[in-house]
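Some notes on the structure that comes next.
The values are calculated or read from the model by the stated rules, or taken from the named source; none is laboratory data. Quantities reported herein were computed from a predicted structural model and do not represent experimental measurements. Cβ: placed from backbone, ideal geometry, glycine included. Neighbour counts: every protein chain shown. When the accessible area is computed, the model is the full protein with side chains, heavy atoms only, and any ligands, DNA or RNA have been set aside. Shrake-Rupley method; radii C 1.70, N 1.55, O 1.52, S 1.80 Å.
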Amino acid sequence: MVVILKPTYGCNLSCKYCYLSSESKVYSFFDVDFIISVIDQIFEYCNTHHRQSLTLIWHGGEPLLWGIDRYSKVFDYIEKHYEGYPYRNLIQTNLTLIDQGYIDLFKRYNVKIGFSLDGPEDLHDMQRVTRDGKGSFSKVFEKIQLCRENSLPIGCIV
């Protein structure tokens, strides 16, 4: 079973084609306890309906805005309470906010990372812009290099 969790609709970019309105991109976050209760319900459903595996896709807005501390608590909870159950965590991000702390966290909990590029730099920068209208390609490329230097596997949607 695949479940998409959106711990925030907030985003640090203002992509020109985004389906979320600027009002919904406000930095508001679901509470960790709420997300844990949702996760418990998901695992209970999987057990009750004999699901063989579970994939949790963390999405947004920009899911990395939810914060390292929140993810750490949730991933630790899942690891302790659902040991032995075949699950995996994936995060779909714009990659601009990833840093060493996130890299260490994702490696520790074996979280798979997906990010998006809108093609070569000129095309990407026309669409995927920061809140002040600047292109984000160079920032994304810098973060790709950081992930590579730290041997964190990442996948890309182009």
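Quick notes
- By a 1.4 Å probe calculation restricted to protein chains, TYR71 has an accessible surface near 0 Å², given to the nearest 10.
- Accessible solvent surface per residue of the range 1-137, calculated while the other protein chains remain in place, 1.4 angstrom probe, Å²: 52
- A 1.4 Å probe over all protein chains sorts ARG148, ARG131 by accessible area into ARG148, ARG131, starting with the largest.
- Summed residue charge, Cβ within 11 Å of PRO7's Cβ, Lys/Arg positive, Asp/Glu negative: 0
- Cα centroid separation - the range 96-150 against the range 76-92, whole Å: 24
- Most mobile of GLY101, GLY60, GLY84 in a GNM of the chain (Cα contacts under 10 Å): GLY84
- Span-rule helices in the chain, defined as complete DSSP H runs reaching 15 Å or more along the axis (Cα) with Kyte mean at least -0.5: 32-48, 137-149
- Ellipticity at 222 nm from helices only: DSSP H runs of n ≥ 4 in the chain, each -39500 (n - 2.57), divided by the residue count, give -12000 deg cm²/dmol.
- Net +/- balance of residues flanking THR55 in space, Cβ distance below 11 Å, scoring K and R +1, D and E -1: +3
- Between the listed residues TYR109, MET126, ILE42, the Cα displaced farthest toward the positive end of the dipole of the range 2-158, a dipole computed from Cβ unit charges relative to the Cα centre, is found at MET126.
- At full extension, GLN52 and SER138 could sit 26.9 nm farther apart than now, given 0.36 nm per residue minus the alpha carbon distance.
- Residue order for ASP69, ASP125, ASP31 - accessible surface, 1.4 angstrom probe, largest first: ASP69, ASP31, ASP125
- Across the chain, the convex hull enclosing all Cα atoms gives 116 Å³ per residue.
- Remark: relative contact order (the chain) = 26 percent; criterion is Cα-Cα distance under 8 angstrom and separation of 6 or more residues.
- Residues in the range 61-87 that a label on MET1 would reach, taking backbone N under 15 Å of a point 7 Å out along Cα→Cβ: 82, 85-87
- Percent antiparallel among DSSP beta bridges (both partners in the chain, rounded to 5): 15
- Residue-span extension gain [LEU97 to LEU146] - 0.36 nm each, minus C-alpha spacing: 16.5 nm
- With a simple spin-label model that places each label point 7 Å from the Cα along the Cα-to-Cβ direction, the separation between PHE30 and LYS16 comes to 3.2 nm.
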